[in-house]
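Asker: The structure's right below; bear with me while I get my questions together.
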Amino acid sequence: MPFGAQFVGKGSVRFKLWAPAASEVRLDLTHARGRVATSMPASGEGWFALTLEGVEHGARYSFWIDDRINVPDPASRYNPLDVHEASAVVDPHTFDWPDTAWESRPWEEAVIYELHVGTFTAAGTFAAAIERLDYLVKLGITAIEIMPVADFPGKRNWGYDGVLPFAPDAVYGAPHDFKALVAAAHARGLMVLLDVVYNHFGPEGNYLHVYAPQFFNPAHKTPWGASINFDGERSRVVRDFFIHNALYWLEEFNLDGLRLDAVHAIVDDTRPDLLAELLSAVHDSPELSRPVHLILENDRNEAVRLVREGGRPRYATAQWNDDCHHAFHVLATREKDGYYRDYAQRPLWWLGRALAEGFGYQGEASVHRDGQARGEISTGLSPSSFINFLQNHDQIGNRAMGERLAALALPALLRMEAACLLLAPSIPMLFMGEEFAASTPFLFFCDFGPELAEKVVQGRRSEFAAFERFRTPQAQAAIPDPGAEQTFLASKLDWSELLQPAHREWQTLYAQLLELRHRWIVPHLAGVNHEGRFAVEGPGLSVDWTLGDGARLHLRANFSTAAWVKVPAAAGEVIFATDATAPAGTLGAWSARWTLETLGD
């Protein structure tokens with residue numbers, strides 16, 4: 001890694017900082033022999049570097065910039081006292097990996113469970129998360145997707161305000177604690193995916209603008225301010241910083257993949273752009289002989305990013321399929337605010353298209369985007385190129401009150417949607433607690449300094465002022481304060497709910513559906529391309545897929561309060577039905593039936 005502090009021999013550490021706007025840089029080092037401040041020679045092109053002997057693992061260091069400000073290492077592997085304080089030297093070889101034989105799992109087997117480390121357990125640490133892994137395996141989960149852990153300011157955050165992208169946040173544990181979680185997951189057959197953010201830095205604790213303003217390109221604007229400089233003058237170092245970050249997490253933490261947050265917000269006019277270069281660098285890394293899965297969040301619906309060659313992804317493995325979620329959500333809640341208005345007129349059609357073809361929007365004009373065309377044709381892509389979900393951190397937490405879908409939708413409708421999600425060929429994802437209809441909200445929370453914290457509160461309230469429900473000052477004042485500790489504590493899962501019959505019933509349904517998926521669906525998925533067909537007839541949706549070995553999967557679902565009669569025939573064995581008593585050719589209210597034809601049939 002060309003950045004940061006790196007052991008280059010026993011007790012020998014190379015310190016390196018890119019500070020093109022600095023005239024002088026001094027290393028401030030505290031180790032076993034005391035505290036010293038040593039000048040770092042300039043090595044050209046804005047770099048300052050120094051190698052010292054006798055530096056031990058855990059020694060603290062920071063950089064004095066022109067004798068006016070002391071800053072942590074932007075490539076710190078660990079900042080024990082948070083983002084404003086000194087970094088710690090980390091020797092990655094001090095962790096003895098017990099899972100050296102781990103080869104990951106075929107992507108078609110993926111059932112993803114998105115979790116936030118701080119609210120997943122009462123303790124909110126990497127170590128505590130290990131205690132819940134056996135539960136996830138028993139449920140039928142095969143991969144956990146961890147929301148960003150890059151060091152953020154304060155004691156609580158979703159993770160998207162990280163400012164030290166190489167350092168796991170100390171509130172969750174040290175780097176070896178995160179590695180222990182990964183190793184424990186692998187020991188149970190679970191893949192581990194990490195959410196990373198390459199479109200912005202958080203608003204507090206980022207000192208790069210002081211000594212490396214070339215990290216940003218003011219010619220481009222983003223929702224978070226000046227764009228990270230991926231295409232301007234001296235952008236090569238910036239691009240390398242993030243490419244090495246991706247390789248760092250995959251190689252040093254033995255992760256099975258990354259989820260790249262909001263890549264549509266990465267502004268880059270060069271070709272190949274940062275995303276294409278980063279994805280290629282991961283695929284070409286000699287250190288990564290095992291399969292590595294790269295997942296995109298991409299509002300542009302770019303099919304070209306998801307193509308396969310010889311059955312292997314050329315670039316990304318899969319994309320979060322927001323179209324599928326939005327259609328599910330409108331059908332479940334009838335909400336039409338914001339981006340949901342793009343699906344309000346014919347939600348069942350959009351759902352059918354997303355289940356059968358991948359993207360819902362494949363070039364159509366988006367009302368929410370002022371008539372702008374959105375998306376590319378996705379019918380030639382594999383269903384496993386799409387990750388479908390009923391809920392995720394955004395869709396719950398960006399609501400004013402953080403309500404989960406179980407608090408908004410009819411139980412019968414939600415049960416049917418769960419079956420539609422978990423038995424379709426695309427990769428399903430659950431958000432933590434969804435499987436037992438957790439009653440706890442997932443709210444937006446952070447822990448900024450007082451001035452910024454107040455701006456967040458006011459921004460949050462003004463954001464929702466356009467909603468009828470929050471038009472009055474009294475209603476806006478009821479929106480939980482993101483900076484209050486209670487907002488964070490209220491978002492922690494209450495695992496004792498599994499002892500209650502109603503919650504246990506939901507968990508049993510999800511476990512049953514996942515068992516059926518692994519037994520009936522997964523064995524037929526390898527090699528499948530998108531040969532889905534769908535039709536909407538009144539309240540009913542029909543979807544038919546041809547799977548990888550020629551098997552045929554059929555869904556018939558009734559999204560209404562009245563019975564659907566003259567349901568189109570679907571051959572094969574019934575593998576699941578929400579209403580097993582319905583006569584042939586009929587589906588009752590809010591009910592679905594799945595059948596499978598195999599080659600033997």
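Asker: Within the stretch 478-514, which residues are at pLDDT 95 or above, hydrophobic (A, V, I, L, M, F, W, C), surrounded by fewer than 20 Cβ atoms within 10 Å (Cβ to Cβ) and more than 23 Å from the chain's Cα centre (by Cα)?
Answerer: Ala484, Leu498, Leu499, Ala502, Leu509, listed by residue number.
Asker: Quick check on my filter: what residues within the stretch 541-584 are crowded, with 17+ Cβ neighbours inside 10 Å, small (Gly, Ala, Ser) and more than 20 Å from Pro411 (Cβ to Cβ)?
Answerer: Within the stretch 541-584, Ser542, Gly548, Ala551, Ala570 meet the criteria.
Asker: Among Gly205, Gly173, which is the only one that is within 29 Å of Asp268 (Cβ to Cβ) and crowded, with 21+ Cβ neighbours inside 10 Å?
Answerer: The conditions single out Gly205.
Asker: Out of Asp322, Asp337, I need the residue that is modelled with pLDDT under 95 and either closer than 27 Å to Val528 by Cβ or not small (Gly, Ala, Ser) (or both). Which one?
Answerer: Result: Asp337 is the single residue among Asp322, Asp337 that is modelled with pLDDT under 95 and either closer than 27 Å to Val528 by Cβ or not small (Gly, Ala, Ser) (or both).
Asker: Turning to a different aspect of this structure: Residue under question is Ala170, and the condition is that it be assigned by TED's automatic domain parsing to the domain that holds Ala511 and in contact (Cβ under 8 Å) with a residue 12 or more places away in the chain; does it hold?
Answerer: Spelling it out, Ala170 is indeed assigned by TED's automatic domain parsing to the domain that holds Ala511 and in contact (Cβ under 8 Å) with a residue 12 or more places away in the chain.
Asker: Please work out which one of (1) small (Gly, Ala, Ser); (2) assigned to a helix (DSSP H, G or I); (3) under 24 Å from Pro441 (Cβ atoms) is the condition Ala127 fails and give its number.
Answerer: Going through the list (1) small (Gly, Ala, Ser); (2) assigned to a helix (DSSP H, G or I); (3) under 24 Å from Pro441 (Cβ atoms), Ala127 breaks only (3).
Asker: Would you pick out the residues in the stretch 301-359 that are more than 17 Å from Leu260 (Cα to Cα), touching a residue at least 60 places away in the same chain (Cβ under 8 Å), in contact with a helix residue (DSSP H, G or I) (Cβ under 6 Å, 6 or more places away or on another chain) and among the aliphatic types (A, V, I, L, M)?
Answerer: Passing the criteria: Leu331, Ala332, Leu351.
Asker: Quick one: in the stretch 242-260, which of the residues that are surrounded by 23 or more Cβ atoms within 10 Å (Cβ to Cβ) and charged (D, E, K, R) is nearest to Ser285 (Cα to Cα)?
Answerer: Asp256
Asker: While we're looking at this one, here's another question. Only residues in the stretch 440-453 that are touching a residue at least 40 places away in the same chain (Cβ under 8 Å) count as the first member; pair them with residues that are hydroxyl-bearing (Ser, Thr, Tyr) and part of a helix (DSSP H, G or I), Cβ under 8 angstrom, at least 6 apart or cross-chain, and list the lot.
Answerer: Going by the 8 Å Cβ cut-off, the qualifying pairs are Phe442/Thr119; Leu443/Thr487; Phe444/Thr487; Phe445/Thr487.
Asker: Quick check, is Glu114 surrounded by 20 or more Cβ atoms within 10 Å (Cβ to Cβ), of a type in the set (D, E, K, R) and in contact (Cβ under 8 Å) with a residue 40 or more places away in the chain?
Answerer: Yes.
Asker: Do the conditions hold for Val90, that is, is it under 25 Å from the mean Cα position of the chain (by Cα) and either within 20 Å of Gly202 (Cβ to Cβ) or surrounded by 18 or more Cβ atoms within 10 Å (Cβ to Cβ) (or both)?
Answerer: no
Asker: When the residues of the stretch 268-280 are narrowed to those that are surrounded by fewer than 20 Cβ atoms within 10 Å (Cβ to Cβ) and not acidic (Asp, Glu), which ends up nearest to Asn229 (Cα to Cα)?
Answerer: Thr270
Asker: Can you tell me which of Phe230, Phe253 is under 14 Å from Leu194 (Cβ atoms), aromatic (Phe, Trp, Tyr) and touching a helix residue (DSSP H, G or I) at 6+ places or on another chain (Cβ under 8 Å)?
Answerer: Being under 14 Å from Leu194 (Cβ atoms), aromatic (Phe, Trp, Tyr) and touching a helix residue (DSSP H, G or I) at 6+ places or on another chain (Cβ under 8 Å) holds for just one of Phe230, Phe253, which is Phe253.
Asker: Scan the stretch 373-395 residue by residue and report those that are surrounded by fewer than 24 Cβ atoms within 10 Å (Cβ to Cβ) and either hydrophobic (A, V, I, L, M, F, W, C) or in contact with a Ser or Thr (Cβ under 6 Å, 6 or more places away or on another chain) (or both).
Answerer: Listed by number, the residues that qualify are Ala373, Arg374, Ile377, Leu381, Phe389.
Asker: Condition first: farther than 28 Å from Asp169 by Cβ, within 22 Å of the chain's Cα centre (by Cα) and crowded, with 21+ Cβ neighbours inside 10 Å. Can you find one or more residues in the stretch 286-304 that meet it?
Answerer: yes
Asker: From the list His31, His57, which residue is without any contact (Cβ under 8 Å) to a residue 60 or more places away in the chain, touching a helix residue (DSSP H, G or I) at 6+ places or on another chain (Cβ under 6 Å) and over 19 Å from Phe215 (Cα atoms)?
Answerer: His57
Asker: So, one more: Taking the criterion of being in contact with a helix residue (DSSP H, G or I) (Cβ under 9 Å, 6 or more places away or on another chain), small (Gly, Ala, Ser) and crowded, with 20+ Cβ neighbours inside 10 Å, would at least one residue in the stretch 457-465 satisfy it?
Answerer: no
Asker: Something else now. Would it be correct to say that Leu555 is in a helix (DSSP H, G or I) and either among the aliphatic types (A, V, I, L, M) or more than 27 Å from the chain's Cα centre (by Cα) (or both)?
Answerer: no
Asker: Would you mind stating whether Ala180 is under 28 Å from Lys138 (Cα atoms), of a type in the set (Gly, Ala, Ser) and crowded, with 22+ Cβ neighbours inside 10 Å?
Answerer: Considered against the rule, which asks whether it is under 28 Å from Lys138 (Cα atoms), of a type in the set (Gly, Ala, Ser) and crowded, with 22+ Cβ neighbours inside 10 Å, Ala180 comes out as no.
The values are calculated or read from the model by the stated rules, or taken from the named source; none is laboratory data. Note that the coordinates shown come from a computational prediction; the quantities given were computed from them, not determined experimentally. Positions of Cβ are generated from backbone atoms using ideal geometry, with glycine treated the same way; all protein chains shown enter the neighbour counts.
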